[in-house]
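To start, the structure itself, in structure tokens.
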Amino acid sequence: MIKEHDRIVLKRDIPEKKLEAGDLGTVISIYQDGVGYTVEFMSLKGETIAIEDLYAKDVREINEGDVAHVRAAE
């Protein structure tokens, strides 16, 4: 179960916000017992890239075998 302040993985591209599937975000708020989330996506230096309201189907928990990957947000 995803909780506030958990790191999550984006499951779909959001081109208008320059977000890609696989990007990591932090849950800021949870709506309707997990139907949706407000998620902040940040650069590795701590700069906010986007804050998005997303449905549960758009994100997933981090799995034990996941590997972080770096890309430019531009």
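I'd like to verify a number: residues in the stretch 31-64 that are among the aromatic types (Phe, Trp, Tyr) and more than 14 Å from the chain's Cα centre (by Cα), how many? Looking only at that region, the number is 1.
When Leu19, Leu44, Leu24 are screened for being among the hydrophobic types (A, V, I, L, M, F, W, C), loosely packed, with under 11 Cβ neighbours inside 10 Å and closer than 13 Å to Val70 by Cα, only Leu44 passes.
Taking the stretch 37-59 as the search range and keeping residues that are small (Gly, Ala, Ser) and closer than 15 Å to Lys18 by Cβ, which one is modelled with the highest pLDDT? Filtering the stretch 37-59 for residues that are small (Gly, Ala, Ser) and closer than 15 Å to Lys18 by Cβ, the one modelled with the highest pLDDT comes out as Ala50.
The values are calculated or read from the model by the stated rules, or taken from the named source; none is laboratory data. Please read these numbers as outputs of a predicted model, since none were measured by experiment. All Cβ positions, even for glycine, are placed from backbone atoms using ideal geometry, and neighbour counts span all protein chains on display.
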